[in-house]
1. Looking at region 51-78, which of its residues are in contact (Cβ under 8 Å) with a residue 12 or more places away in the chain, in a helix (DSSP H, G or I), among the hydrophobic types (A, V, I, L, M, F, W, C) and touching a Phe, Trp or Tyr at 6+ places or on another chain (Cβ under 9 Å)?
2. Can you confirm whether residue 11 is in a helix (DSSP H, G or I) and free of Cβ contacts under 8 Å to residues at least 12 places away in the same chain?
3. Mind checking whether some residue in region 22-40 is in contact with a Leu (Cβ under 7 Å, 6 or more places away or on another chain), farther than 13 Å from residue 102 by Cβ and either surrounded by 11 or more Cβ atoms within 10 Å (Cβ to Cβ) or in contact (Cβ under 8 Å) with a residue 40 or more places away in the chain (or both)?
4. Is it fair to say residue 87 is touching a strand residue (DSSP E or B) at 6+ places or on another chain (Cβ under 9 Å), of a type in the set (Phe, Trp, Tyr) and either at pLDDT 90 or above or more than 21 Å from residue 15 (Cα to Cα) (or both)?
5. Which residues, taken from region 33-64, are of a type in the set (S, T, N, Q) and modelled with pLDDT under 90?
6. Name the single residue, out of those in region 79-106 being touching a residue at least 24 places away in the same chain (Cβ under 8 Å) and outside any helix (DSSP H, G or I), that is nearest to residue 1 (Cα to Cα).
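The values are calculated or read from the model by the stated rules, or taken from the named source; none is laboratory data. Because the structure is predicted, anything quoted here is derived from the model rather than measured. Using ideal geometry, Cβ is built from the backbone for each residue, glycine included, and neighbour counts are taken over all protein chains shown.
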Amino acid sequence: MTYWTINVVFLLPAAVAAVAAFIRISQRSPLSGKLWSFHLRAVGQSAALLLVLTAVFDNAMIAAGLFGYNPEKISGAMIGLAPLEDFAYPVGALLLLPAMWIGLAKKPGRTTTLQEGPHE
């Protein structure tokens, strides 16, 4: 099993959740165009920062010998010392976390908020 096979197991559900969340945003209000723009810009900026940090720190950790990859299990595409497959986990987080945020947001007509504790 390659690292890409493992990545698909995580990336595919994250991508489905992200698409569902953005469909929910577009159906939520007449301001859906502004919401799309805001969320896509925020995710894009987060992606740029997270991928740069992943490249820097993963390369530093691999160079320090903290971990490595089986050369038979990677695609061979590298960013420095880090295989391209290593960047799938931040991409999964970038897809899944906004989807969860949108999915767990207060729905119209709902009387409780996410910050409230259990009711007694």
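1. Across region 51-78, the qualifying residues are 51, 55, 62.
2. Working: in a helix (DSSP H, G or I): yes; free of Cβ contacts under 8 Å to residues at least 12 places away in the same chain: no.
Against the criterion (in a helix (DSSP H, G or I) and free of Cβ contacts under 8 Å to residues at least 12 places away in the same chain), residue 11 does not qualify.
3. No; the residues of region 22-40 include none that is in contact with a Leu (Cβ under 7 Å, 6 or more places away or on another chain), farther than 13 Å from residue 102 by Cβ and either surrounded by 11 or more Cβ atoms within 10 Å (Cβ to Cβ) or in contact (Cβ under 8 Å) with a residue 40 or more places away in the chain (or both).
4. yes
5. 37, 46
6. 83
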